[in-house]
Amino acid sequence: MAAKPSARIERIPPPPSTAHAPDDMEKARELARRYMPDAVSLLASVAFAPDSEAALHTKMLETID
């Protein structure tokens, strides 16, 4: 017995509301202030760690010059 093809439900997000845009921007800024320093610190520690591939790439570039 062949299975029936399932009907796909298309989910369309609601359009952004311009009435609350300033509030949403303030929320985004608040989140950025809260999490950005930690994110930058984490990414910098990964990129500049002695055994990181980014550090190896930087050393390779230094030897080319």
Exercise. Taking neighbour counts of Cβ atoms within 10 Å as a proxy for exposure, in what order, fewest first, do Arg33, Arg8 appear?
Worked result: Arg8, Arg33
Exercise. Using only Cα atoms, what Kirkwood radius does the stretch 21-64 have, in angstroms?
Worked result: 12.6
Seminar exercise, completed: Residues Ser45, Ser52 in order from fewest to most other beta-carbon atoms within 10 Å are Ser45, Ser52
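Every number in this text was worked out from the coordinates using simple rules, so none of it is lab data. Here the structure is a predicted model, which is why all the values come from computation and not from measurement. With ideal geometry, Cβ positions are generated from the backbone for all residues, glycine too; neighbour counts draw on all protein chains shown.
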